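What follows is one structure encoded as structure tokens, with my remarks underneath.
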Amino acid sequence: MELPDETLEKLKALLKECTALVIVDGKPRGSAVFVSPELVLTCEHVIRGGQALRLQPFGRPEVREVTVAEVFREGDVALLRVPDANVDAEQPCAAISSKLRDGRVSVVGFPREDGHPPGIEVRETKGTTRATGPTTYQLLQLEAGVIITFGMSGGPVLSHETGAVVALAQSSRHPVDALGGSAIPIARASELLDDIQRILERPPAAVHRWRNVLGREGWADLGLPWDLRDQIEVLVVEDESGWKIGVDPPPIIGLVQQQLPDLGGDINDALFRWAQRQRMREEEEVLVLGRLLAGALFPAAFASELRRLQAADKVMIRLTVPSRSRLADIPWELCAVPGTHDRFLAADKRYRFVRMLDDRMIPPAPTTDFLRVAGVVALPSRWTYPVVYGDDTYRYPPAAEIANHLTAAIEGERGGPVRPDVLVNPRPADIQERFVDVPERFEIFHLIAVGRTVRAEKDSVQVALVSEKATGASQKVGPKWEPLENVLSTAVAAGAKVVVLELMVPPVSSQDQSITVQTLAPTIPKQLMAVVVTRFPIHPRQAREFNETFYDQLRRRKSVETAVQLGRAALASNKPIEDSAGFGWFSLLTRGADELHLLRVPHGEQGRPMTEGSPTAALHGRIDEENAGYRLHGSGSESVQRSDGGAADGYSR
């Protein structure tokens, strides 16, 4: 069934904006379609033999220089790349699909006519598939009744049924008579070009206008998630000359990694001193720091990288800082959204801000419909906890009350697929008995405790449990410092993929140093996919606010990255105590190369995972210097005309 006429008219108008004239050595040669703001798909024979390649996007005055990203002569497909400086962040892109069916299509291109400059046209006909197997397509035949002529090669072919570009115009049966022609299926192009396959799996954010025209039902029919996602990799390293910041965009953006010198030593020291002060932060100083960090992570040279992400519904910001570097302990979560003064990358709902561990893995697919959470609240009652003073007085609730709040946050008001089992002030043996020596597996291990780093013991990282078992309601239990490495090993033995470490403000008498990312990272077992950790001690009210949103999102089958981001956003908005930086103390350390889902998501509800990799720069073929064509044979005794009037090779160039 074809799409409504109104929808088709909107798509055809939009497809014109996504189409460009290909200019080879100063002469108009053919057509091409933008599949991302940086990548343009056309036929190989359109650019064959050319030295200088340029594009003239329809409706835009600028002519852009392009280079060849990939080319296959035998498949007659070529992928062109727009250099960084010429990328237009507002350039719309067409939705492409490998689904090929017989039916009405529209062919968009720049047919040439003597005495007139090339102009764009939309020509309608019927497409008939030619297949070599059940899902292997050789051609899309464009039936007689339409003229496929000079200049239309490489032009997009729009399916009236699916509302996506399904092929590229390739050849003509006759360049001046309405005998039709043929087109190269997108399915065929995706077999040859890695970037096209990636775009099919995860469309760029610049396709949002196309998605909005199709609507949710039409977009879902293409097998695509409604949310358009993008991501950017940020690398921070340190050497003798100071900091170096690098941005490594994902494959679809296709740029090489860059590194630039940035902040100097004085700013380094100021940041460390600020972060180490144990007090609540005023809003103004958090805003100032946010802008400073934004300037560090995203210098002006990377402004174009951020502009091209603006159309995405969700943007993943993956920060990589070597775990042994002191730069890992900078409060990067307080980085502002560049260009804003009161929004933060770690708390804005459009972003997902994560820190990457040194080694990455593909997370296992979720196989469960129910999550079990092993909870431990370890705040020994012999300690006296400090009162936090602000506009109000914030005392520490008893450990049992904190455990009740954690249990309620995990279960939710109506219960659901996340189930808690929470212990209060257990000994290590109690944790082993309750969570390890049982047949059940626990996907999350959640610890609320006091932690410390012992410098005298080679930066040993420890958390306080208890030293004895209470035998009466009034008996107090004392602390026992347990190596965090042992606790995390127990979590792995219990089956955990994710650990949540909420580290409370230490007792009044404590002079211990806090656990930091730098000291924590080496203790994280390889089996854990992610660790949520409070990098600075927090108050139980802050933990409660975060946990309610975090577990609510997990019950909704959202990813761990989403749950953490929205938990921080809740803290930033609600501020259960007057610490404007409180949301920034919650860090997510992950080694997942894709978003991490713990609950099985019903088909059609979960977006496709983000793919990691490097830009594809290698040419699998080459642009031939000579223009000797190769012949595409028509069926039966039909003659095949080359549309530029030369020897017959069947191309509608």
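No value in this document is a laboratory result; all are computed from the given coordinates. These numbers come from a predicted model, not from an experiment. Here Cβ is always computed from backbone atoms with ideal geometry, including for glycine, and neighbour counts include all displayed protein chains.
How do His208, His341 rank when sorted from fewest to most other Cβ atoms within 10 Å of their own Cβ? Show your work: numbers first, answer last.
Details: His208 17, His341 11.
Ordered from fewest to most neighbouring Cβ atoms within 10 Å, His208, His341 come out as His341, His208.
Quick check on the range 5-221: take the gyration tensor over C-alpha atoms, sort the square-rooted eigenvalues as a ≥ b ≥ c, and tell me if it's rounded (a/c under 1.5), prolate or oblate.
Working: a/c = 1.28, a/b = 1.07, b/c = 1.19.
Verdict is rounded for the range 5-221.
The range 316-346: which trypsin sites (Lys or Arg not before Pro) are DSSP loop and have at most 12 other beta-carbon atoms within 10 angstrom? It would help to have the intermediate numbers written out before the result.
On the way: sites: Arg318, Arg324, Arg326, Arg343; in loops: Arg324, Arg343.
Answer in residue order: Arg324.
For the range 512-546, which trypsin sites (Lys or Arg not before Pro) are both in a DSSP coil and crowded by at most 16 other Cβ atoms within 10 Å?
Values: sites: Lys526, Arg535, Arg541, Arg544; in loops: Lys526, Arg535.
Sites meeting the loop and neighbour criteria: Lys526.
Of the GluC sites (Glu not before Pro) in the range 21-88, which ones lie in a loop per DSSP and count no more than 11 other C-beta atoms within 10 Å?
Working: sites: Glu38, Glu44, Glu62, Glu65, Glu70, Glu74; in loops: Glu38, Glu62, Glu74.
Passing sites in the range 21-88 are Glu62, Glu74.
How would you classify the range 371-540 from its alpha-carbon gyration tensor, with a ≥ b ≥ c the square roots of the eigenvalues: rounded for a/c under 1.5, else prolate if a/b is greater than b/c, otherwise oblate? Write out the running numbers ahead of the final one.
On the way: a/c = 1.37, a/b = 1.12, b/c = 1.22.
Rounded, because the longest to shortest axis ratio a/c is under 1.5.
Calculate the length of the line joining the C-alpha centroid of the range 9-57 to that of the range 176-219, in whole Å.
Going from one Cα centre to the other spans 14 Å.
Restricting the count to DSSP beta bridges whose residues both fall in the range 371-540, what percent are antiparallel, rounded to a multiple of 5? Write down the numbers at each step before the final one.
Numbers: 12 of 36 bridges.
Here the share of antiparallel DSSP bridges comes out near 35 percent.
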